[in-house]
Amino acid sequence: MSRSIFFSMLGGCLFLLATGLMAQTKKPAPAGGGTAASIKRGKPVYLQQCLACHQADGLGVQEMNPPLSKTKFVLGDKVALIKIVLSGMQGVQVEGDDYHGIMAPHPDLTDQEIADVLTFVRNNFGNRATAVLPSQVKAVRATLKPVAK
């Protein structure tokens, strides 16, 4: 077999493999659809970005990562909550308990992803609160200084 035929076949195989793998990846749900749709879109973001520190039950890790269940941070001011996700945080007192973990900033998440994950958190773990909208995240993001890379 000539070299050019081999590389053509190899290229074709790689293309088919890549196409097959891309077809298996779950495409994000389209935006919109109200609070229920936002909660549904927010769950996979939580599982990927938040679960390791805040745990499956949203109760966090004692003295490290604060709980997300029925706290003023989650149920209170949306702007403050959005800023925490965008800018990160280190050391906080929640309901009288100190937490020393570092939450990395997540400016890489889209406004929609942040709105969805915060809506998910504000409506799980015993919480019931209004949705966070992408427009609210966009407005907060516009007030923050860009993070140096």
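Couple of notes before you dig in:
- Potential lengthening between LEU133 and LEU51 on full extension [0.36 nm per residue; Cα-Cα distance subtracted]: 27.3 nm
- Solvent-free Debye scattering, log10 I(q)/I(0), computed from the Cα coordinates of the range 58-136 at q = 0.13, 0.17, 0.27 Å⁻¹: -0.36, -0.63, -1.44
- Our estimate of slack between GLU63 and THR110, defined as 0.36 nm per intervening residue step minus the Cα-Cα distance, is 14.0 nm.
- Converting phi to 3J(HN,Hα) with the Karplus coefficients 6.51, -1.76 and 1.60 and the offset θ = phi - 60°, the range 113-120 yields 4, 5, 4, 5, 5, 6, 5, 4 Hz in sequence order, with x at every glycine or proline.
- For LEU59, distant residues with modelled amide H under 5 Å away: LEU68
- Remark: the range 92-99, residue by residue, has Karplus-estimated 3J(HN,Hα) of 7, 10, 10, 6, x, 10, 8, 10 Hz, where x stands for each Gly or Pro and the curve is 6.51 cos²θ - 1.76 cosθ + 1.60 at θ = phi - 60°.
The numbers here are math on the coordinates, done by the rules we state, and not lab data. A quick note: this is a predicted structure, and the numbers were derived from the prediction, not measured.
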